[in-house]
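The values are calculated or read from the model by the stated rules, or taken from the named source; none is laboratory data. Being a predicted model, the structure only gives us computed values, none of them experimental. Cβ: placed from backbone, ideal geometry, glycine included. Neighbour counts: every protein chain shown.
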Amino acid sequence: MLLSLNPLPEAILDVRGLKVAYGPVEALKGIDLSVRKGQIVTLLGANGAGKSSTLNAIVGLIGKKAGNILFKGRDVASLSPERIVRMGMTLTPEGRRIFPSLSVDEHLLLGGAAHSSRSSIREVREDMLERFPILRERLHQKAGSLSGGEQQMLAIARSMMSSPELLLMDEPSLGLAPQVVDLIFDLIIGLRDRGLTILLVEQNVSLSLEVADYGYVMANGRIVLSGTADELRNSTEVQGAYLGA
Amino acid sequence: MDMFLQQLVNALSLGGTYALLALGLAVVFSIMGLINFAHGELMTAAGYGLIFSLLLGVPFALALPAAVVVAILLAVLMERVAFRSVRGASGTTLLLTSFAVSAIIRVLFQNFISARPMAVRIPMALSGTIEIAGLHLGIIQAISILVTIAMLVGLNLFLHRTVLGRAMRAAAEDFAIVRLMGIRANAVVATAFAISGLLAGVAGVLWVAQRGSVDPLMGFLPVLKAFIAAIIGGLGSLSGAVAGGFLLGFTEVFLQAFLPESLLSYRDAFAIILVIAVLLYAPQGLLARRTVVKL
């Protein structure tokens with residue numbers, strides 16, 4: 001009951017009027033969204049709605065865009081991805097995008113490249129290996145030889161090596177076996193409980209609304225609906241379009 | 001038998017030079033999808049660096065590294081001035097830009113230095129031969145083989161043991177993701193160019209040491225050969241470039257040595273036939289790799 005007296009945590013990310021075009025095609029037609037500290041916010045929508053474009057634009061991988069992206073109060077819309085990552089935000093990309101010929105350990109060391117000292121890299125690496133014991137077993141294997149689930153864990157661990165405050169995740173469960181999907185979602189909850197803020201794009205709508213605090217629904221490059229996870233779960237639009245009710 | 005061993009040394013020495021040049025082309029291509037036809041000018045620049053260092057009275061032992069440094073600086077400058085603004089552009093744009101850079105630098109050499117070959121005074125100690133187990137080895141050839149080995153080992157260590165080296169290997173597979181590690185794209189690309197300059201500089205110095213002269217067009221033929229070597233090996237594959245370089249070197253030297261005299265003028269034609277045969281059998285090259293070049 002004290003809960004209602006707590007003010008909402010402050011926004012760590014505030015996106016205002018974000019527009020992206022690929023040539024003549026407008027992929028994002030003015031997105032507004034905000035992500036509050038310590039929360040999991042999910043971005044739902046059909047294929048081609050613009051979810052991946054939104055994440056890629058926020059983290060700087062799409063350079064040409066209009067609008068404001070306030071991260072920790074600072075507009076990062078014109079910054080390069082490497083600058084943004086060093087400020088504490090990163091992306092676990094769709095399709096995992098691991099480096100097939102590099103070893104697991106090399107992924108972790110590269111992921112930590114932004115740290116200023118070797119000892120802090122070693123510390124975070126040890127932390128990741130504790131969190132992902134399977135990666136310790138595979139430490140010197142080439143990443144291309146890992147299973148899909150192991151590659152996804154490696155991709156998340158690689159992102160976490162930069163010690164982000166905000167992690168954008170693009171389809172982390174895509175193409176994984178059901179029990180591995182559960183594992184990944186347990187992991188996402190674990191990361192949130194440790195204080196990480198997460199902006200999650202997921203195909204699996206019911207699972208992502210289960211773990212999320214807040215959500216946005218996109219269609220044709222716009223936000224068409226937003227609300228707490230409970231509100232979205234109970235809305236007729238979301239039920240009709242995504243939950244098959 | 002002696003004849004065979006002698007030719008083996010020649011092949012190793014020539015193949016090593018091709019390998020260094022092909023490796024320089026491959027390092028840059030693997031990172032940014034650019035076939036740098038101005039690579040030959042880096043070799044030439046190293047040659048002029050050697051000549052002018054010697055003219056300034058720098059001792060030979062110091063003029064060699066100075067010449068290599070000239071090639072490295074020119075490579076980095078090339079990237080900064082010409083290639084950075086077209087990064088991520090189509091392969092054709094990159095290729096035409098590199099032709100332009102090559103032509104401009106060549107004209108500068110012709111107009112401001114000399115259109116004619118300039119002689120380099122190679123110390124007597126280097127121009128002799130040494131005898132090992134009855135074999136007469138050219139000292140420069142022996143040095144050239146040793147230097148090639150040292151460069152290959154050094155580059156391998158750099159690529160596997162350092163952050164920038166690992167970042168370069170990763171960038172060859174997926175550049176965008178490397179940036180998501182907080183690693184500066186500009187640093188990775190500049191390092192790739194510096195390495196290609198280093199390799200071209202070393203190859204240039206070895207080339208000049210064997211020929212004894214430098215001219216503005218000096219780099220053209222060896223880099224053309226290196227390009228063929230890189231294609232044989234699979235463009236963008238580093239080990240492929242080295243394998244292709246040695247294969248081409250061996251082919252040329254052994255054709256030269258063992259073809260009947262009446263066919264000798266067709267040596268290069270035979271070498272190219274071999275290249276075509278390799279590509280018919282493996283269109284992607286011997287050690288092809290998947291390249292994702294996205295910035």
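Please determine whether any residue of the stretch A:198-211 is among the aliphatic types (A, V, I, L, M), outside any helix (DSSP H, G or I) and either surrounded by fewer than 18 Cβ atoms within 10 Å (Cβ to Cβ) or in contact with a Gly (Cβ under 8 Å, 6 or more places away or on another chain) (or both). No: the stretch A:198-211 contains no residue that is among the aliphatic types (A, V, I, L, M), outside any helix (DSSP H, G or I) and either surrounded by fewer than 18 Cβ atoms within 10 Å (Cβ to Cβ) or in contact with a Gly (Cβ under 8 Å, 6 or more places away or on another chain) (or both).
In this entry, A:Arg97 passes the filter for residues that are facing another protein chain (nearest Cβ under 7 Å) and of a type in the set (Lys, Arg). Identify, please: which residue in the stretch A:102-150 is among the β-branched types (Val, Ile, Thr) and surrounded by 18 or more Cβ atoms within 10 Å (Cβ to Cβ) and is, among those, nearest to A:Pro178 (Cα to Cα)? Per the stated criteria, the residue is A:Val104.
Once the stretch B:162-177 is narrowed to residues that are touching a Leu at 6+ places or on another chain (Cβ under 7 Å), buried (at least 22 other Cβ atoms within 10 Å of the Cβ) and aliphatic (A, V, I, L, M), the residue that is farthest from the other protein chains (Cβ to nearest Cβ) is B:Met168. Only a single criterion out of (1) among the small types (Gly, Ala, Ser); (2) within 16 Å of the chain's Cα centre (by Cα); (3) surrounded by fewer than 17 Cβ atoms within 10 Å (Cβ to Cβ); (4) within 21 Å of A:Asp186 (Cβ to Cβ) is not satisfied by A:Ala157, namely (3). Which condition does A:Ala57 not pass, out of (1) touching a strand residue (DSSP E or B) at 6+ places or on another chain (Cβ under 7 Å); (2) of a type in the set (A, V, I, L, M, F, W, C); (3) away from every other protein chain (no Cβ under 14 Å), if it passes all the others? Here A:Ala57 clears every test but (3). Of everything listed in (1) over 17 Å from the mean Cα position of the chain (by Cα); (2) within 14 Å of chain A (Cβ to nearest Cβ), the single unmet condition for B:Ser237 is (1). Of the residues making up the stretch B:178-219, those that are hydroxyl-bearing (Ser, Thr, Tyr) and surrounded by fewer than 24 Cβ atoms within 10 Å (Cβ to Cβ) are B:Thr191, B:Ser213.
Test B:Ala190 against the criterion of being small (Gly, Ala, Ser) and within 11 Å of chain A (Cβ to nearest Cβ), and give yes or no. So B:Ala190 does not fit the description; no. Residues that are among the hydroxyl-bearing types (Ser, Thr, Tyr) and more than 23 Å from B:Gln141 (Cβ to Cβ) do occur in the stretch B:26-37, at least one of them. Here A:Ser162 passes the criteria (1) in a strand (DSSP E or B); (2) buried (at least 19 other Cβ atoms within 10 Å of the Cβ) except the one numbered (1). If you check B:Ala200, B:Ala125 for being part of a helix (DSSP H, G or I), more than 14 Å from chain A (Cβ to nearest Cβ) and more than 22 Å from the chain's Cα centre (by Cα), only one passes: B:Ala125.
On inspection, B:Ala167 does not qualify as in a helix (DSSP H, G or I), modelled with pLDDT under 95, within 30 Å of A:Met89 (Cα to Cα) and over 16 Å from the mean Cα position of the chain (by Cα). Does the stretch A:213-233 contain at least one residue that is in contact (Cβ under 8 Å) with a residue 60 or more places away in the chain, within 14 Å of the chain's Cα centre (by Cα) and closer than 17 Å to A:Val181 by Cα? Looking for residues that are in contact (Cβ under 8 Å) with a residue 60 or more places away in the chain, within 14 Å of the chain's Cα centre (by Cα) and closer than 17 Å to A:Val181 by Cα, one finds none in the stretch A:213-233, hence no. Only one of the numbered conditions (1) crowded, with 20+ Cβ neighbours inside 10 Å; (2) free of Cβ contacts under 8 Å to residues at least 60 places away in the same chain; (3) in contact with a Phe, Trp or Tyr (Cβ under 7 Å, 6 or more places away or on another chain); (4) among the hydrophobic types (A, V, I, L, M, F, W, C) is not met by A:Met89, and that is (2). Within the stretch B:25-34, can one find any residue that is among the β-branched types (Val, Ile, Thr), at pLDDT 95 or above and farther than 19 Å from B:Leu95 by Cβ? No, every residue in the stretch B:25-34 fails to be among the β-branched types (Val, Ile, Thr), at pLDDT 95 or above and farther than 19 Å from B:Leu95 by Cβ. Just one of the numbered conditions (1) more than 14 Å from chain A (Cβ to nearest Cβ); (2) in contact with a Gly (Cβ under 9 Å, 6 or more places away or on another chain) is not true of B:Leu159: (1).
Is it the case that A:Ile134 is outside any loop (DSSP other than H, G, I, E, B), more than 10 Å from every other protein chain (Cβ to nearest Cβ) and among the β-branched types (Val, Ile, Thr)? The answer is yes for A:Ile134.
Number of residues in the stretch A:6-27 that are of a type outside the set (Gly, Ala, Ser) and at pLDDT 95 or above: the value is 8. Of all residues in the stretch A:72-86, those that are of a type outside the set (D, E, K, R), touching a residue at least 60 places away in the same chain (Cβ under 8 Å) and surrounded by fewer than 24 Cβ atoms within 10 Å (Cβ to Cβ) total 0.
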